[in-house]
Amino acid sequence: MRSVMFRFHVCAGEIFELKAELNSDKKEKKKEAVKKVIASMTVGKDVSALFPDVVNCMQTDNLELKKLVYLYLMNYAKSQPDMAIMAVNTFVKDCEDPNPLIRALAVRTMGCIRVDKITEYLCEPLRKCLKDEDPYVRKTAAVCVAKLHDINAQLVEDQGFLDTLKDLISDSNPMVVANAVAALSEIAESHPNSNLLDLNPQSINKLLTALNECTEWGQIFILDCLANYTPRDDRESQSICERVTPRLSHANSAVVLSAVKVLMKFMEMLPKDLDYYGTLLKKLAPPLVTLLSAEPELQYVALRNINLIVQKRPEILKHEMKVFFVKYNDPIYVKLEKLDIMIRLASQANIAQVLAELKEYATEVDVDFVRKAVRAIGRCAIKVEQSAERCVSTLLDLIQTKVNYVVQEAIVVIKDIFRKYPNKYESVIATLCENLDSLDEPEARAAMIWIVGEYAERIDNADELLESFLEGFHDESTQVQLQLLTAIVKLFLKKPTETQELVQQVLSLATQDSDNPDLRDRGYIYWRLLSTDPVAAKEVVLAEKPLISEETDLIEPTLLEELICHIGTLASVYHKPPSAFVEGSRGVMHKRLPAQGTECPDVGNAAGGSAPEAAPSIIPSQGDLLGDLLNLDLPAVLLPLFNTNCSSYGILYPQVWLPAMKAKGLEISGTFARRAGVIQMELVLTNKAMSVMTDFAIQFNRNSFGLAPAGPLQVLTPLGPNQTIEVSLPLSTVGPVMKMDPLNNLQVAVKNNIDVFYFSCQYPISMLFVEDGKMERQVFLATWKDIPNDNESQFQIQDCHLNSASNKLQGSNIFTIAKRTVEGQDMLYMSIKLSNGIWVLAELKVQAGNPNYTISLKCRAPEVSQCVFQCYEAVLKN
Amino acid sequence: MIGGLFIYNHKGEVLISRVYRDDIGRNAVDAFRVNVIHARQQVRSPVTNIARTSFFHVKRSNIWLAAVTKQNVNAAMVFEFLYKMCDVMTAYFGKISEENIKNNFVLIYELLDEILDFGYPQNSETGALKTFITQTGIKSQSKEEQSQITSQVTGQIGWRREGIKYRRNELFLDVLESVNLLMSPQGQVLSAHVSGRVVMKSYLSGMPECKFGMNDKIVIDKQGKGGASEEAAAGKSGGGGGKQSIAIDDCTFHQCVRLSKFDAERSISFIPPDGECELMRYRTTKDIILPFRVIPLVREVGRTKLEVKVVIKSNFKPSLLAQKIEVRIPTPLNTSGVQVICMKGKAKYKASENAIVWKIKRMAGMKESQISAEIELLPTNDKKKWARPPISMNFEVPFAPSGLKVRYLKVFEPKLNYSDHDVIKWVRYIGRSGIYETRC
């Protein structure tokens, strides 16, 4: 009876035929005809011409036929709004039907018909259904409110549906509660500042009770909603955790992950010495491991989340290394994720096992997987020093296999090992050099060239090796060209006598024959350095390199915190904040973890639990294009060279940021200032070209402190040739955040009618010191103790002659809280608050008669200490 | 939430398309087809983002199910829902195939309307759904029937209806375990775990209150002496060592089990759904009885010959019999010929699968058997070495490799007059191989 022929072409004749069948007197024939219509609709054919005929079939007591007609209506009502009105009467009638299934069906379908005129008629039936005696109707009506809100938010508010929905949270039926929670959460997302969900201990208690009784899906809605609540104190936090932990044994993985999210979040508030804190940590590991026996797709979601959890709280899974061993038949996406987690969990205790596994993986079939395994061996070497030797020998074994991509990958990681442990493993260079000819990937070639340049003095035929690369210089990728240039300059500085010719050759190739500006610029810099001051050249080019960090590709802490708040969701799968892939207003709210021991003064701080942030200001029109361009990689190759000669206080005077040569005649210089609590970027634009410049716009790349233009660039008149204009651009600190190196680096794009230009500049971090940075004495003491000593850094400021340091510092929003004199030494205690809420505490030691001051800085984010010290130096010395 | 759900056949033709949200357009259907189904490369992720639209997909035989969204949805929930959708469809019309989907498309739309509202999953228990979405058209229900349906769909015990009656109250418990092993060539256990399931088939009248007990270490230790005698009485079945109790790493339960009670007292109490259900899943890693040990020996004789010898040893009571034993020994891609000699069972080289498959029908405990093979290789100039995939094994044994034993399953039905003693109970243990691999 249900067999319906699929026909893939609806011709006019067929439409006519269907029309006749739809208007038939026989019920069966009618039904079959509607089925045929739906079948055509599914495969994407336009059967909207049958609208009136199908709607005529709606008035029937046959529930199955009714459902089919409704399905058709949902699909086509929007394209035929006037016709859709014809259906309203039946809907309204159905909402009064004695059968609850029909009442629910009517209200459910009506909400799906997205026609304005219909929504007006929907209000009355919906109001009745929300108070229906039957829970099935109520739970359907609850979702319908969310549907209506999506079509017409104002209408929902005016009609008071939100209050009714809130009342449903206290409903006796758990499924009604769950759907009401889901609907409210969705509506609240589009009103980030409203107090819609009004979570307080009473309502939380109701939710927790419903949690025990509702369906698996309802439990997910409730847990996801709970995760938005911020408990008032650690005791409330603990009692919620206690009631959520049983969910970890649920068969539905989504319930488990949502419970993990709530626990991970609320755990932040528990004191670490509490017994319960340890118990909770232990309880989290088994369910996470169990998720790995789910279907592969869910394993993937679980692994992406475990990756975050391991970064946030490595202690939870530190003993579970074995479960992440790759199985031969795992799908590739599971294999790659497992490998990532294995590296994160690698430690001295388990490194032998991990290495044995990795070596096994390096012989598998999938190229991506093998590469990642080889790379992982290198990362182990860098992470666990004791294993470095074994890793290097494993890599050498792999190089012996002569499998092309394995060799190349191995060379790339060996370069990093050399960086991390200089002068330790150079004995292997000979083996590496043997494979020189087989390298065809730019990254591997660049790595090999770097090695040759770096150890030129130990490789007898370094000049020959490098010369061999030089032959096809112009066919190489930029990465290789730049590396080759630097390597030959290094070689020259180490063995000046034999390699003069070679260096001249490469410099002329780079500067004269290349059309890549980066390469030319680097070439010129070397050329000038070498010709004017070879000693300085040696200092710059052969300078000691900073150590590379142990953990690579860690997620930046604030992003990690946000992602922890999104465990189980798409954001945690993508490892991106929702704002990166969700359009419109939803998901713009940044979620944060609660801080330990915080008292939440404003009761019922609804969504997110954190103070609502102002939405980042958007630059109008042309700015958007600029923003997209900025997401591309900026040509930042030159930066490391410039950093060495940029001293911090120089920035206070206007500096040339963008020379006219690089920007088709536009020269930009500038400086930063903080006036009345607003950061100003003072720009001087000079037109050194022959034509008039117009349509200026500015955009920043993401940066460490979220600096962003607070308004458009005010260049109203066109800039004629040889004209100069001074502009002051107010900056806000609510833009997108990404950690930069150095921390105070800012990458800027400026657009005019000619082109888009990029430059980067550094702002003094004192711009970010806010006016209310004075800490209470007691708080200062407590905070000072609370910050671990590892985060303390000490600096010397030399040749300082000042009478009153504190007054001078206060001008820069560095506040002196207390002063103490111990044995002729003045100890000044100071506090600074950065615009993103980071506190820096300082202790300045001044000894009478000694021009050298000692300063100790303590901060929860120790990265900023260096920048803050530079500010001190700048302020005190001026 | 879920913005839409599409079902495609292997060619990428749409069989079912249901859109719940306005932000999902018809072009989303094509985007998935072009970028995933017709993609040249193998699928690298079950979640795909195409032009700010996220697609979640699962595949059943050659049918693709894809859920679409533009929001930051709960990803775990979407996949759980897709699996559930497959279960529901299977329960209604059997295997998920193109033909079955085409023949039942009206039913599928009806189901999708019921279990997904505005993208929010609703009650998806087949038992409840079958009371009002039937394949034979809706019967006109009486008023009581209607309200019974709605209260079941939304109720606290959504998985069971009232008024079930059986003349004979009977229940069957199956303890199904799959034992997983990864062993190094030297015989060192790299990882081993058992993932088990307790499946219950019940034919009980009324709303029976059940309590399930097993030899969980935590419970036994708590009970102390009192529990020991009971243990002796109940623990006759099973084949492995004489373990008193087992340590369970983790377990998850069917939604009928009261989780808060388990959390507090570690007792498993529930009102079961009628018919079959998976009561619990568990995982153990300690003291696993590995039913078989595989000892491989691979010798490369020159460049064109390989000698393989594999010994398997059974490691359980001699009175028990393992069944359906299959050992799969991978061979290199350039194999030209294979000669096999085995003491027991049948062995065959399967060129299409690049493996020697050795099958033994039955094998008692504490025995061993051996196979040796000579593999002729074609000379190749391929520099890449053969990756040597692990030797894998399949089998079935009549005991639980984790050592789990059912101690009791008590049934109380306060309203009807049958007692725990009147219920006929059956328990069965089956241990199967999961991924049981030995590297060579």
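The values are calculated or read from the model by the stated rules, or taken from the named source; none is laboratory data. Not measured: the values here are computed from a predicted model. No Cβ is skipped: glycine too gets one built from the backbone with ideal geometry, and neighbour counts run over all protein chains shown.
So the values come out like this:
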| item | result |
| --- | --- |
| Residue, surrounded by the most Cβ atoms within 10 Å (Cβ to Cβ), within the stretch B:53-66, restricted to residues that are of a type in the set (A, V, I, L, M) and away from chain A (no Cβ under 11 Å) | B:A66 |
| Inter-residue pairs, beta-carbon under 6 Å, first in contact (Cβ under 8 Å) with a residue 40 or more places away in the chain and in a helix (DSSP H, G or I) and in the stretch A:519-541, second among the acidic types (D, E) and crowded, with 17+ Cβ neighbours inside 10 Å, 6+ apart | none |
| Test for B:S151: is it touching a Lys or Arg at 6+ places or on another chain (Cβ under 8 Å) and either within 12 Å of another protein chain (Cβ to nearest Cβ) or over 30 Å from A:E357 (Cβ atoms) (or both) | no |
| Hits in the stretch B:307-357 - residues which are in a strand (DSSP E or B), farther than 29 Å from B:I288 by Cα and of a type in the set (S, T, Y) | B:T335, B:S336, B:Y349 |
| Top-ranked residue of the stretch B:1-13 - restricted to ones that are under 20 Å from B:V47 (Cβ atoms) and not aromatic (F, W, Y), ranked as surrounded by the fewest Cβ atoms within 10 Å (Cβ to Cβ) | B:G12 |
| Selected residue (criterion: surrounded by the most Cβ atoms within 10 Å (Cβ to Cβ)) from residues of the stretch A:813-833 that are part of a strand (DSSP E or B) and in contact with a Gly (Cβ under 8 Å, 6 or more places away or on another chain) | A:I832 |
| Output for the stretch A:502-539, where each listed residue is closer than 24 Å to A:E464 by Cβ and charged (D, E, K, R) | A:D513, A:R522, A:K538 |
| Residues within the stretch B:391-428 that are under 25 Å from B:V340 (Cβ atoms) and at pLDDT below 90, tallied | 0 |
| Cβ-Cβ under 6 Å pairs, at least 6 apart or on other chains, the stretch B:52-70 side more than 17 Å from A:A294 (Cβ to Cβ), far side surrounded by fewer than 23 Cβ atoms within 10 Å (Cβ to Cβ) and polar (S, T, N, Q) | B:F55/B:T48; B:K70/B:T53 |
| Residue count for the stretch B:390-440, restricted to those that are of a type in the set (G, A, S), assigned to a strand (DSSP E or B) and within 14 Å of chain A (Cβ to nearest Cβ) | 3 |
| Residues of the stretch A:741-767 classified as closer than 16 Å to A:P654 by Cα and in a loop (DSSP other than H, G, I, E, B), total | 2 |
| Looking only at the stretch B:30-52, and only at residues there that are within 13 Å of chain A (Cβ to nearest Cβ) and among the charged types (D, E, K, R), the one that is nearest to B:F79 (Cα to Cα) | B:R44 |
| Of all residues making up the stretch A:536-569, the number that are of a type in the set (D, E) and within 29 Å of A:Y526 (Cβ to Cβ) | 2 |
| Filtered residues of the stretch A:193-211 (kept if surrounded by fewer than 22 Cβ atoms within 10 Å (Cβ to Cβ), in contact (Cβ under 8 Å) with a residue 12 or more places away in the chain and within 14 Å of chain B (Cβ to nearest Cβ)) | A:L208 |
| Single unsatisfied condition, A:E501 versus (1) out of contact with any Ser or Thr (no Cβ under 6 Å at 6 or more places or on another chain); (2) part of a helix (DSSP H, G or I); (3) in contact (Cβ under 8 Å) with a residue 12 or more places away in the chain | (3) |
| Residues satisfying the stated conditions in the stretch B:246-271, i.e. hydrophobic (A, V, I, L, M, F, W, C), at the interface with chain A (Cβ under 9 Å from one of its Cβ atoms) and either touching a His at 6+ places or on another chain (Cβ under 6 Å) or closer than 19 Å to B:V153 by Cα (or both) | B:V257 |
| Residue match in the stretch A:351-366 (condition: within 12 Å of chain B (Cβ to nearest Cβ), in contact with a His (Cβ under 9 Å, 6 or more places away or on another chain) and basic (K, R)) | no |
| Which listed residue, of A:F795, A:F759, is closer than 15 Å to A:V846 by Cα, of a type outside the set (S, T, Y), touching a helix residue (DSSP H, G or I) at 6+ places or on another chain (Cβ under 8 Å) and at pLDDT 80 or above | A:F795 |
| Residue in the stretch B:272-287 that is farthest from the other protein chains (Cβ to nearest Cβ), counting only those that are over 26 Å from B:F316 (Cα atoms) and part of a loop (DSSP other than H, G, I, E, B) | B:D274 |
| Scan of the stretch A:382-421 for residues that are assigned to a loop (DSSP other than H, G, I, E, B) and closer than 19 Å to A:N350 by Cβ, ordered by number | A:V384 |
| Checking A:A805 against (1) in contact with a Leu (Cβ under 6 Å, 6 or more places away or on another chain); (2) at pLDDT below 80; (3) of a type in the set (A, V, I, L, M, F, W, C), the condition it does not meet | (1) |
| Qualifying residue in the stretch A:296-318 (condition: small (G, A, S), within 11 Å of chain B (Cβ to nearest Cβ) and crowded, with 16+ Cβ neighbours inside 10 Å) | yes |
| Residue among B:V257, B:V311, B:V301 that alone is exposed (fewer than 14 other Cβ atoms within 10 Å of the Cβ) and of a type in the set (V, I, T) | B:V301 |
| Filter result (farther than 25 Å from B:E396 by Cβ and surrounded by 15 or more Cβ atoms within 10 Å (Cβ to Cβ)) within the stretch B:335-353 | B:T335, B:V338 |
| Residues that are within 11 Å of chain B (Cβ to nearest Cβ) and over 23 Å from the mean Cα position of the chain (by Cα), drawn from the stretch A:260-283 | A:K283 |
| Residue that is over 30 Å from B:V423 (Cα atoms), within 14 Å of chain A (Cβ to nearest Cβ) and not β-branched (V, I, T), where the choices are B:A373, B:A364, B:A387 | B:A387 |
| Checking B:V327 against (1) out of contact with any Asp or Glu (no Cβ under 8 Å at 6 or more places or on another chain); (2) among the β-branched types (V, I, T); (3) more than 24 Å from A:V365 (Cα to Cα), the condition it does not meet | (3) |
